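See structure below.
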Amino acid sequence: MAVQDITKYSFKDTFSLSTVQFDKACTINHNEQINAYAIYWIQEGKGTYNIDFEEYSFDDNVLFFLSPGQVFSVDSEKIKTAYKLTFVRDFYCIQTHDKEVACNGILFNNIYETPFVKPCEKDTAKLNFILESLVEEFQQNETAQYDMLQAYLKQFIIHAVRVKKENHVIKEDTETRLFKDFSLLVEQNFKKLHSVTDYANRLGISPKSVTKHFQKLGTKTPSEFIKNRILLEAKRQLIYTDNTVKEIAFELGFNDPAYFTRFFTKAISKSPLQFKKEH
């Protein structure tokens, strides 16, 4: 993506809006680790993206949402019109606002198979209006600009949640609440707690109950969820840090680096060093 094709508006390095308009391929040929929340809206274009080592293809008018720490790369891409919104937690905390906007687990930290949201014509018009309002607000530099920008971002996220709910069967809050609580606990503790029992105890229910809730949602088993989070972090550290396999093993709560190597190799059929070399 050539720099001269991008118009960028920003607020104190905490929130930005970039617009892209051109008629050529713009391939990024390397992995990029996301260090802020990001919303991409590809209005016209197609391509194949890799998000956390999973491949997704799209064709015209899709939104997708990335959280800090995720790994994003482009396999192929030809974009005519696109927008990118980025913000840090200090500007807008999705966890704090989750009761109001219900975006955590639906848009960010996605618990569903596809990360994409596809707006219809009516929704596209609404989202475009919010983006136009954002650009106007960025340019004005008036009183209480932070509050106005945050309000528009919140509107954009709420509309995206509504679109996602219209197009996907999303379980009732009572069914997803335990999953969200479990996933949040894993996110906070996966480097030291590795068993379903550890998390079930913290949630005050039995491991069997946790497993049954996961089955209702049709998602991975709780143990697979924990294992996958550990593996994802291992992959990220192998690529983005100079830490040795031994250091990574200890940081992820493995007392025996050899056991960590076997755990990693069994899961992805490559040793940690092989994986690092190939990326």
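Derivation of every value follows stated rules applied to the coordinates shown; laboratory data play no part. Note that the coordinates shown come from a computational prediction; the quantities given were computed from them, not determined experimentally.
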Give the long-range amide H neighbours of Glu44: residues separated by 5 or more places, or on another chain, with amide H under 5 Å away, using H modelled in the peptide plane at 1.01 Å from N. Asn61, Lys80, Thr81
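Going by the alpha-carbon gyration tensor, a ≥ b ≥ c the square roots of its eigenvalues, is the stretch 235-279 rounded (a/c under 1.5) or, if a/c is not under 1.5, prolate (a/b greater than b/c) versus oblate? Please list the in-between numbers first.
Details: a/c = 2.13, a/b = 1.12, b/c = 1.89.
Oblate, since a/c reaches 1.5 and b/c is not below a/b.
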Long pairs among Lys227/Lys266; Lys192/Lys235; Lys180/Lys227; Lys84/Lys191; Lys80/Lys164; Lys227/Lys276, criterion Cα-Cα beyond 22 Å: Lys84/Lys191; Lys80/Lys164
Counting only residues 5 or more apart in sequence or on a different chain, those whose built amide H sits under 5 Å from that of Asn243 are none
Once amide hydrogens are built 1.01 Å from N within the peptide plane, the residues lying 5 or more places from Val74 or on another chain with amide H under 5 Å from its amide H are Ile28, His30, Asn50
Let me see the P(r) profile for the stretch 3-167: every Cα-Cα distance counted, bins of 10 Å, each bin given as a percent of all pairs. 10, 41, 40, 10, 0
Largest to smallest principal axis extent of the C-alpha atoms in the stretch 173-278, angstrom: 44, 24, 21
Mean ellipticity per residue at 222 nm, deg cm²/dmol - from DSSP H runs of n ≥ 4 across the chain, formula -39500 (n - 2.57): -14500 deg cm²/dmol
